[in-house]
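S.K.: I have a structure here, written as structure tokens, and I will follow up with some questions on it.
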């Protein structure tokens with residue numbers, strides 16, 4: 001009987017110890033490390049575009065080209081965008097568009113404006129980042145009075161070498 005009582009105590013102590021090991025003081029979401037404007041400089045390809053309901057919004061062309069953005073040190077943003085020209089073959093046409101941008105490192109918000117710089121601009125916030133990728137979420141705004149997206153639209157960018 002004493003052996004069973006001792007075994008119960010050992011199991012109870014092991015259970016309590018296991019609970020202490022598994023508990024953490026703060027299980028808050030991972031924070032984004034400080035992002036600087038230099039992080040953005042370079043060529044980025046879009047690898048994912050998803051709506052708030054997780055619907056895939058990335059146009060998949062037959063040649064598998066995806067939108068490409070180049071951020072420059074002079075705050076220019078050069079974009080190559082694709083639209084399907086033939087739905088049967090999924091052939092796409094490319095369009096080159098030139099924007100300007102600003103980056104607020106306090107809020108991680110990228111503001112994109114037309115090359116003329118008019119209006120408030122299209123604002124998206126970097127919500128995740130790693131060495132070679134970042135994810136943005138639409139905040140507000142338009143470019144040249146065109147609403148380009150829906151609320152909580154997310155885009156994933158991958159750095160090109």
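Read-outs: derived from the displayed coordinates by stated rules, not from any lab. Here the structure is a predicted model, which means the values were calculated and not measured. Glycine also receives a Cβ, built like all others from the backbone with ideal geometry; neighbour counts cover every protein chain displayed.
S.K.: Is there a residue in region 79-89 that is under 25 Å from residue 152 (Cβ atoms), exposed (fewer than 14 other Cβ atoms within 10 Å of the Cβ) and under 19 Å from the mean Cα position of the chain (by Cα)?
M.R.: The answer is no; no qualifying residue exists.
S.K.: Would you please name the residue that is nearest to residue 140 (Cα to Cα), looking only at residues in region 72-121 that are part of a strand (DSSP E or B) and without any contact (Cβ under 8 Å) to a residue 12 or more places away in the chain? Full working, then the answer.
M.R.: Just the residues of region 72-121 that are part of a strand (DSSP E or B), to begin with: 76-86, 91-104, 109-114.
Next, from what is left, pick out any that are without any contact (Cβ under 8 Å) to a residue 12 or more places away in the chain: 85-86, 93, 104.
Numbers: 85: 29, 86: 32, 93: 28, 104: 15 Å.
Per the criteria, the residue is 104.
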